[in-house]
Amino acid sequence: MPERINFILLDASYEIAGREPVIVLWGLTESGERVVLLDRRFRPYFYGLIAKGFEDQSQRIAENVKRLSRGRSPIINVGILTRRYFGRPRKVVRVTTVIPESVREYREEVRKLEGIEDVLEADIRFAMRYLIDKNLYPFRLYEVLVEKNPSNQGFRVDSVYTIASDPVLVEEMSRAKLLPELRVLAFDIEVYSERGSPNPAKDPVIIITVKSSEGEEVFTAEEFDDKKPIREFIEYVRKYDPDIIVGYNSNHFDWPYLLQRAHYLGIRVDVTRRIGAEPTTSVYGHVSVPGRLNVDLYDYAEEIHEVKVKTLEEVAEYLGVMKKSERVLIEWWQIPEYWRDKKKRPTLIRYALDDVQATYGLAEKMLPFAIQLSTVTGVPLDQVGAMSVGFRLEWYLMRAAYEREELVPNRVERREESYKGAIVLSPLKGVHENIAVLDFSSMYPNIMIKYNVGPDTIVDDPTECGKYGGCHVAPEVGHRFRKEPPGFFKSVLEHLLNVRKTIRQQIKKFPPDSPEYRVLDERQKAVKVLANAAYGYMGWSGARWYCRRCAEAVTAWGRHLILSAIEYARKLGLKVVYGDTDSLFVEYDKAKVEKLIEYVEKELGFDIKIDKIYKRVFFTEAKKRYVGLLEDGRIDIVGFEAVRGDWSELAKEVQWQVAEIVLKTGDTGKAIEYVRKIVKQLKEGHIPIEKLVIWKTLSKSINEYEHEAPHVVAARRAIAAGLKVSSGDKIGYVIVKGTGKISQRAYPYFMVRDTSKIDVDYYVDKQIIPAALRILGYFGVTEKQLKAVSTGQRSIFDFFQRKSTK
Amino acid sequence: MQLEFFDARIWRYLVSAISKVIEEGVFIVSPNEGMRFRAMDPSHVILLDMYFPKDSFETFDVGEEVRIGINFEDLAKVLRRAKKEDRLILESKDSTSFSITFKGKGERTFTLPVLDIVAEEIPEPQLEFKASIKIMSDIYRDTIKDVELIGDIVKFIASSEEFKIASSSEFGEAEIIYSRESGSIIDLEVEDVQEASYTLEYFTDLSGAARVADTITIRFSTDMPAEVIHEIPQGVVFKFLVAPRVE
């Protein structure tokens, strides 16, 4: 008996059953039942693009395609259709077969046929093809006509249904439909490894910790026998039955290690919702756990640029999930010692529990956005984090293309091509008071919309412009884009910006602390991320809709726009201090700034708003480098070492503090006093080693280095200690006392535990002083003065204080 | 406000010395006391104190307290033009500028802007000095020049018998001894033995001031600041207090 059910889509996959593909939709009903929906009606297909001049031979070409059919996966349909390719109508043959894998073979044969210019959309994976064609998005609610299957056929869910007609969306994008509670499980493993990189053939998994809504659990090995914890973990996953499994770096460590280790022990990691299927590594380097969404939170941590060292504890601290000072911290190389020593073992277990709690806490912070990213792009949650922003946008574009009967171009190998970028003014050096920062809202997306920019609207021959009601001509570069009809990117972006606007209107209906507010807020952020990615996407050589000239035109319009705004500001008598890409720093004269905003909105036709007002901001002569004091006392540091990677935490901290003191008090003397205090602490060994670690990335393999840079020397020492180090790894080192070159005295930070070994002079002369001087130098403080401070030189103040305390 | 001083060169050397350690500062001219300038360098290692008593001026026409914000580099440049025998007239008519006039063979007037800065409030340090040595200013200058050759740090060691100035570095060692017998010391009062080190650079930077001083008195105690007092004609005093280095 067919019935109607509601379900929220979680993930999609497919299986082959009886020589036929079956789409498997994993879902959740509103009442909280876990369900599988099977669709046997869908078949894989691709397009053959008919070459120009062969349109009248379409029929013959279709016949030739049919002749390629083979029995194992016959070609069941060849349709001649009209689709658009880069906005222009083209004839295509749509080739439909049975087994998804056979598309690859047919594709090559069809490509060779006479009259076929290219084959298209043959590289879109089958399950995604289904989601695109049926317009299904993860975490949205659908209604569907189904028939309940008598048995669950090896799916570990409450019910299995067969789909009888296409699912229909129940909830609109702009609505804050709350999901039924999802079961989230965080896990973390600890491995016993005496030296360096653990080897799954011999090094046991000594601790597995899990945390879920039901609390936390620890599974420990019996000394070095780890069969028990692995079995207990599998059992726990099966029993708790999570919808989402999270870990930190789990795609690259916990899962692969656990799977390989279990394999050596002869244990099946039977944790999926599909009996017999173990987790596997999949397309974007993520681990796929059938029926469950496996999310590696590290993917989202990578996008937090404010955190330099992306360890779990650092990221958890940054997001306010868990303070480093309130948790157990053990270095990986100390783990064996903590495991062997029974007295220390409870500390190690506490550490593993702190890790899993931090992971669970990160999930609470990150999943809401991740889920919205998934629902907006249409990419399942387990993949969306692992893919780059270009791919995320592209999946969205592919859906938009399908809706518009536009063909998806193939990805073509190209060389990177450069083009002129945004404008960055040389700042007015010095300290400025009361400066407003004006931001063009979504400048690039708006340029793309206003001037109809895209690979489908670009016009090579100027005489053709007449046909389209004229062309928009980009300044400087002269690329033309037809005015009508609207192009692919324009319509997609308009849609995205409209969606965002609607969501933002909806948001107002909810109090800011309500769950609905949070859902909508994360959703509008995800939409914004996508819209803003469009310009960069066109300039990305890996893009299907690659268009260098488009990207070039967009930046040209951007430059023109900001220069026009600057010119007007100057006409008004507003001092322009700095400008970069889509923001302007001008003196904050309320009436004049309002006039400028009006000009930009009315005359130039773009939105601009005051982003922030600096009470005081200070520029060097360098671009993209300033320190600003906001009205609420917060400090923005842009472009100084404070936000760059190759300085120690200490140098970074010194620079922040110095900038803050100078901007807040205007007194360089106070900043120098502060530097003096830090130097004293360093000399007395009161600065923890972690703050002295310098992180640098190995940009090539260790053997390719000819000169001995400190991080290279440190990396060699790490290798000698048994650690695996490869190109792209971040090496953390400290400089220790001794004779000889500095680079020869670089040691991996984990080898140095005693602060008395630290080369204090190096940290004073090469870290603290230069970092402070970058700021103080512009206020007339000389290196000599700072150095004096650092060398046992006392301050007159020391003697004032001594007296006053008597 | 108008002040006239008999020798512009005294101003020249004092301001030039100050400009090497401090960029800006405030001259305070008060009707009862005269002219005073006190300031610390940005790193707070030294405290400068320059005092021109009321009677050191030939003309002292001051109605109420006047504060003049000075950029020392600019002022030093102007004062470098002072010739032998030039008198100096310092005049301030409003709060935005002041003028310097050299009165010699002719009258040359330079007008400079007054900086809008506030004088630091610096407490008067109450220090006890257990060593006090008074020497001729040329001996003091020679001594600084001698130790300059060697190191960055100067060490003072004083006992009731002698005053020793030393410096050492990988480059070598310098040791200058003035004993009571040598006759270079005008006055020597020391409790026990006092020993302290200082960054030489401050002494070097300020040594120009000693050119216009008659005598120099150095006062210090072990690991405590040193005070270097320049006694200048007409009761003018220029002194600096420098914090020690303690290793």
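Nothing in this text is a laboratory measurement; each read-out follows from the coordinates by a stated rule. Computed from a predicted structure; not experimentally measured. All Cβ positions, glycine included, derive from the backbone under ideal geometry; neighbour counts span all protein chains shown.
Structure notes:
- Rounded to the nearest 20 debye, dipole of chain B from Cβ charges on Lys, Arg, Asp, Glu: 1120
- Under 5 Å, built H, 5+ apart or other chain: amide partners of A:TYR14: A:VAL24
- Between A:SER418 and B:ILE186, the FRET efficiency estimated from the beta carbon spacing at R0 = 56 angstrom works out to 0.15.
- In this rough spin-label picture, where each label sits 7 Å from Cα along the Cβ direction, the B:GLU58-A:GLU331 distance is 7.5 nm.
- Nearby lysines by direct alpha-carbon distance to A:LYS52 (threshold 22 angstrom, same-chain neighbours under 8 apart not counted): A:LYS66, A:LYS91, A:LYS112, A:LYS467
- When A:ARG273, B:ARG67 are arranged by Cβ crowding within 10 Å, least crowded first, meaning fewest neighbours, the order is B:ARG67, A:ARG273.
- By the helix-only formula, in which each DSSP H run with n ≥ 4 contributes -39500 (n - 2.57) and the sum is divided by residues, chain B has a 222 nm mean residue ellipticity of -4500 deg cm²/dmol.
- With the charge dipole of the protein assembly as shown set up from +1 on Lys and Arg Cβ and -1 on Asp and Glu Cβ about the Cα centre, the Cα lying farthest toward the positive end among the listed residues A:GLY276, A:VAL98, B:ILE133 is that of A:VAL98.
- Pairs of Lys residues in the range B:1-125 that lie 8 or more places apart, or on two chains, and have C-alpha atoms under 15 angstrom apart add up to 5.
- In the range B:135-214, GluC sites (Glu not before Pro) in a DSSP loop with at most 11 other beta-carbon atoms within 10 Å: B:GLU170, B:GLU181
- Label-to-label distance for A:LYS615 and A:GLU278 is 6.1 nm, based on points extended 7 Å past Cα in the beta-carbon direction.
- Listing A:THR668, B:THR222, B:THR199 from fewest to most neighbouring C-beta atoms within 10 Å gives B:THR222, A:THR668, B:THR199.
- Selection of GluC sites (Glu not before Pro), the range A:385-461, meeting DSSP coil and at most 16 other Cβ within 10 Å: A:GLU405, A:GLU413, A:GLU416, A:GLU417
- For chain A, the residue among A:MET128, A:TYR599, A:PRO21 whose Cα projects farthest onto the positive side of the dipole built from Cβ charges is A:TYR599.
- Full extension of the segment from A:ALA720 to A:LYS624, taken as 0.36 nm per residue of separation minus the current Cα-Cα distance, would add 30.5 nm.
- Put a plus charge on the Cβ of each Lys and Arg, a minus charge on the Cβ of each Asp and Glu, and nothing anywhere else: the dipole of the range B:34-121 about its Cα centre is then about 600 debye.
- Cβ-defined net charge surrounding A:SER102, 12 Å radius [Lys, Arg +1; Asp, Glu -1]: +2
- Normalising the Debye intensity of the protein assembly as shown to I(0), with uniform scatterers on Cα atoms only, and taking log10 at q = 0.04, 0.06, 0.09 Å⁻¹ returns -0.33, -0.67, -1.16.
- Proximal lysines to A:LYS696, defined as alpha-carbon separation beneath 19 angstrom and excluding residues fewer than eight positions away on the same chain: A:LYS308, A:LYS310, A:LYS652, A:LYS724, A:LYS730, A:LYS741, A:LYS766
- Charge tally around A:GLU417: other residues with Cβ under 12 Å, Lys/Arg +1 each, Asp/Glu -1 each, net +3.
- Sequence-separation-based contact order of chain A, relative, with Cα cut under 8 Å and 6+ spacing, percent: 10
- With the helix formula -39500 (n - 2.57) applied to DSSP H stretches of n ≥ 4, chain A reaches a computed 222 nm mean residue ellipticity of -11000 deg cm²/dmol.
- Summing Lys and Arg as +1 and Asp and Glu as -1 over all other residues whose Cβ lies under 12 Å from the Cβ of B:GLU148 gives a net charge of -3.
- Placing unit charges on each Cβ (+1 for Lys and Arg, -1 for Asp and Glu) gives the protein assembly as shown a dipole about its Cα centre, and among B:ILE22, A:LEU574, A:HIS495 the Cα reaching farthest toward its positive end belongs to A:HIS495.
- For the range B:147-220, applying the loop criterion from DSSP together with a ceiling of 16 other beta carbons within 10 Å to the chymotrypsin sites (Phe, Trp or Tyr not before Pro) yields B:PHE171.
- Interchain or long-range residues, amide H under 5 Å from A:THR281's placed H: A:SER288
- Partners for A:LYS609 among aspartates and glutamates (Cα-Cα distance below 12 Å; same-chain residues under 8 apart left out): A:ASP439, A:ASP582, A:GLU594, A:GLU598, A:GLU601
- Charge dipole (Cα centre; +1 on Lys/Arg Cβ, -1 on Asp/Glu Cβ; no other charges) of the protein assembly as shown amounts to roughly 3820 debye.
- Distance from the C-alpha centroid of the range A:61-85 to that of the range B:131-174: 100 Å, rounded to the whole angstrom.
- Mean Kyte hydropathy of -0.5 or more with a Cα span along the axis of at least 27 Å, helices from DSSP in chain A: A:345-377, A:488-507, A:515-538, A:548-572
- Between B:GLN234 and B:PHE171, the C-beta separation translates, for a Förster distance of 45 Å, into a calculated FRET efficiency of about 0.65.
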